[in-house]
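Everything below concerns the one structure shown next.
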Amino acid sequence: MQQPIDGVLEAPYVMEYTYRRSLGPVMSAFFTALRDGRLLGARTASGKLVVPPLEWDPETGAAIAGLEPAAEEGVVTAATWVAAPEPRHLLQEPFAYALIQLDGASTAMLHAVACASLEACPVGTRVKLVWSESRTGSLRDIRCFEPVN
Amino acid sequence: MSTFNTSREEIAIVSFVELSPAEASQLDEIETIQTIVSRATDGAGIARDRIGFTVSGSCDMLVGRPFSWIMAMDGAGVSKPIEESHVEMDGAWALYEAWVRLQHGDIDAALIYCFGANAAEDLMQVLALQLDPYYLAPTGINAAEVAALQASAMLASGATERQFAEVAVRAGLAVSVEAALAEPYLHRPLRASDLPRFSDGAAAMVIARGDYARSVCARPAWIQSMAHIADGHSLGARDLSKSPSLEKAARLAGVGAKATQIVEVHAPFGPQEVIALEALKQAGLSADAKVNPSGGTRAAQSVMVAGLAAIGRAASAIHRGEASRTVGHASSGPALQHNLIAVLEERS
Amino acid sequence: MSEATKAVVKDVTTMASPVSLKFRARAGKDLSRFLRGMKERRIVGRVCPSCNYVYVPPRGACPTCGCPMGDERVLPETGTITTFCIVNIPFEGQKLKPPYVCASVLLDGADVALFHLVGGCDVNEVRMGMRVRAEWVDEADAELSLETIRYFVPTGEPDRPLAQIREHI
Ligand SMILES: [Zn+2]
């Protein structure tokens, strides 16, 4: 306990939860495919492709029609720069967080773009997926995206 | 306009108090609640036994202790016992529940309180816990970085950094637009003056029906209507540069039905205020309505309190006779996902 | 991947999503006073000015009256077990070796029981109404913590009748 203000005691503590979640059929298929080096999207009844896949059509709430392979290239729709990465971040060198709309998809996925600066990754930049060498069935199986020259 | 969003009983905000950050930082949750509740009730001449329902709003993740509100309730004198409820949200949603409860017409008044004792070392990280745990949270992104992506999407669809800077000046977080624009980026395109300054805080409010409201308050702020709507959660499945949910909530609440003098907007990040005002304008908010004359909540942002504070300040303007119609806005969730609107009016 | 390997590689059906957050706990004014008392090996409660209930630890407000606490009251280190449980299950972070007893101890003069441990006797001897006293750690080891009371030990006095403590369980 420390005494920073007028005799009111304070003490540091850490709270940790070791949660494990069930993925359900759609996300289970998605993460299994990631481990196997394939990217999946969900085709909605109205014909749109949702990547990463949701169990439902985000516009109508209807169940999706099925899963299918998604393109590994797409376009940045929003980006911000991480100048000093922390352990929580996807990459440990400066990078851009970006929403990436993969070709053919109607939604965008959040991931990292490896580039020298945000100037190299403005909205509209074409990027392609880079797989991690070891994959375990997590979002980190995608190492990052990188700009397409 | 849906009738469900209009008060079917005469219900008014009759009392509203906030705890200053300096005072809140000295107190634990029980002491905080005791102080704020007694000021909003006893201090305003409202008898505790006329309060038929109590709702609190808070978030365990800020306090770092599961079910923290259970203990904090002691400060409201709950062992009689009392009829109460809790939302793990901003106090504005506690107000919504209390408003719905009062429409049953069987009790005179309801008490709402909320507290944001910010014990977390990194609040931006705590706020990121509200992200989808499958596709968003594993990226390690925090709340400020999410807001930066939203600001980026805004710039891509025509907004300007100058607009962000104007909001920062209005919030008292920059001395001038030029000074704001001269700041370095923290989370590009966000600068320090676009981010909230977090603080401890608490607020309490009493709402009351009809004659009882008139008997305890010279100028009750009548709740004409309330509505809250959420956009989808997935950041990549909606247009982050707009807020359809806020526009819809404002339409449901009939914001544009009459001239409004004051609007108090709760936008945790500066650029979100631009989005919020555009949505309100689309819903018919008077062009000459004063925006955040209270100074807004971003310069001393108490999470879980700021939304109720915006509505409470909109009510206080009516209590003080400074306006006859005001609009209060509260938001919740990442990237302005969830929005609540309260339309308040003076009645002679 | 060969067909044989495929057969044993299972689908990904769950994901770990650990949460780790750093906090600073704030004790508040009343609890801070209580914890300072602990460091001096004193038990400091407070009295509700409205209903005269004596709370220990003090809690910032009387939950019945909703008012701030009034005068401080130093309480004796003796009390009565109102209710208890025997902990037989080991769990992470446990400080005592099961079986041990957690009990609500109504200090003499207090109206609200203090939650603590019982030691110094066989767990099977512990009962409602049993008289106990605080076993303090050495002065040099006293902390701003309830752990400055190591546990409560039986005094050997006759039990208090249940009727006398019923209101405080
Ligand atoms: Zn009392």
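For segment C:41-50, give me each residue that is open to solvent by 50 Å² or more (accessible area, probe 1.4 Å) and within 13 Å of the ligand (Cβ to nearest atom). So that I can check it myself, show each step before the final result.
At the first step, the residues of segment C:41-50 found to be open to solvent by 50 Å² or more (accessible area, probe 1.4 Å) are C:41-42, C:49-50.
Result: C:Pro49, C:Ser50.
Okay, residues lined up against (1) crowded, with 17+ Cβ neighbours inside 10 Å; (2) within 24 Å of B:Ala24 (Cβ to Cβ):
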site	(1), (2)
B:Gly77	yes, yes
B:Glu84	no, yes
B:Glu88	no, yes
B:Tyr96	yes, yes
B:Arg101	yes, no
B:Gly105	no, no
B:Ile112	yes, yes
B:Ala119	yes, yes
B:Gln125	yes, yes
Open item on the list: Being open to solvent by 30 Å² or more (accessible area, probe 1.4 Å) and of a type in the set (D, E, K, R) is the filter here; which residues of segment C:113-146 pass it?
Closed with: C:Asp122, C:Glu125, C:Arg127, C:Arg133, C:Glu135, C:Asp138, C:Glu139, C:Asp141, C:Glu143
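Filter segment C:64-89 for residues that are more than 16 Å from the ligand (Cβ to nearest atom) and without any contact (Cβ under 8 Å) to a residue 12 or more places away in the chain; which is surrounded by the fewest Cβ atoms within 10 Å (Cβ to Cβ)?
Out of the qualifying residues, it is C:Ile89.
Can we say C:Val56 is within 16 Å of the ligand (Cβ to nearest atom), within 22 Å of B:Arg65 (Cβ to Cβ) and among the β-branched types (Val, Ile, Thr)?
Details: within 16 Å of the ligand (Cβ to nearest atom): yes; within 22 Å of B:Arg65 (Cβ to Cβ): yes; among the β-branched types (Val, Ile, Thr): yes.
Against the criterion (within 16 Å of the ligand (Cβ to nearest atom), within 22 Å of B:Arg65 (Cβ to Cβ) and among the β-branched types (Val, Ile, Thr)), C:Val56 qualifies.
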TODO: Please give the number of the condition C:Asn124 fails out of (1) more than 16 Å from the ligand (Cβ to nearest atom); (2) assigned to a strand (DSSP E or B); (3) over 16 Å from the mean Cα position of the chain (by Cα).
DONE: (2)
Task: Tally, over segment B:143-153, of residues that are open to solvent by 10 Å² or more (accessible area, probe 1.4 Å) and more than 7 Å from every other protein chain (Cβ to nearest Cβ) - done: 1
Open item on the list: Would you confirm whether or not segment A:47-66 contains a residue that is more than 9 Å from every other protein chain (Cβ to nearest Cβ), in contact with a helix residue (DSSP H, G or I) (Cβ under 6 Å, 6 or more places away or on another chain), surrounded by fewer than 22 Cβ atoms within 10 Å (Cβ to Cβ) and in a strand (DSSP E or B)?
Closed with: no
- [ ] Mind telling me which of the residues C:Ala4, C:Ala25 ends up being assigned to a strand (DSSP E or B) and modelled with pLDDT under 90?
- [x] C:Ala25
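Please state which one of B:Thr260, B:Thr297 is assigned to a loop (DSSP other than H, G, I, E, B) and either open to solvent by 10 Å² or more (accessible area, probe 1.4 Å) or under 25 Å from B:Cys59 (Cα atoms) (or both).
Values: B:Thr260 fails: either open to solvent by 10 Å² or more (accessible area, probe 1.4 Å) or under 25 Å from B:Cys59 (Cα atoms) (or both).
The match here is B:Thr297.
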TODO: Could you list all residues from segment B:216-232 that are more than 18 Å from B:Ala330 (Cβ to Cβ) and assigned to a loop (DSSP other than H, G, I, E, B)?
DONE: B:Cys217, B:Ala218, B:Arg219, B:Pro220, B:Gly232
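Is there a residue being closer than 30 Å to A:Pro87 by Cα, more than 16 Å from the ligand (Cβ to nearest atom), surrounded by 17 or more Cβ atoms within 10 Å (Cβ to Cβ) and among the basic types (Lys, Arg) anywhere in segment C:29-40?
Here is the first cut: in segment C:29-40, the residues closer than 30 Å to A:Pro87 by Cα are none.
Checked segment C:29-40: no residue is closer than 30 Å to A:Pro87 by Cα, more than 16 Å from the ligand (Cβ to nearest atom), surrounded by 17 or more Cβ atoms within 10 Å (Cβ to Cβ) and among the basic types (Lys, Arg).
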- [ ] Kindly indicate whether C:Glu72 is charged (D, E, K, R) and in contact with a helix residue (DSSP H, G or I) (Cβ under 8 Å, 6 or more places away or on another chain).
- [x] yes
- [ ] Of all residues in segment B:213-236, count the ones that are within 13 Å of chain A (Cβ to nearest Cβ), out of contact with any strand residue (DSSP E or B) (no Cβ under 7 Å at 6 or more places or on another chain) and not charged (D, E, K, R).
- [x] 3
- [ ] Inspect all residues belonging to segment B:90-104 and state whether any of them is at positive phi and outside any helix (DSSP H, G or I).
- [x] no
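Residue-by-condition table, conditions (1) within 18 Å of the chain's Cα centre (by Cα); (2) open to solvent by 30 Å² or more (accessible area, probe 1.4 Å); (3) free of Cβ contacts under 8 Å to residues at least 12 places away in the same chain:
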position	(1), (2), (3)
B:Ser241	no, no, no
B:Leu246	yes, no, no
B:Ala276	yes, no, no
B:Gly284	no, yes, no
B:Ala287	no, yes, yes
B:Val291	yes, yes, no
B:Gly321	no, yes, no
- [ ] Quick one: A:Pro87 ticks every box in (1) away from chain C (no Cβ under 14 Å); (2) over 15 Å from the mean Cα position of the chain (by Cα); (3) within 26 Å of A:Ser22 (Cα to Cα) except a single one, so which number is it?
- [x] (1)
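The values are calculated or read from the model by the stated rules, or taken from the named source; none is laboratory data. All values reported here derive from a predicted model rather than from experimental measurement. Virtual Cβ from ideal backbone geometry, glycine too; neighbours counted across all protein chains shown. For accessibility, only protein heavy atoms count, side chains too; no ligands or nucleic acids. Shrake-Rupley method; radii C 1.70, N 1.55, O 1.52, S 1.80 Å.
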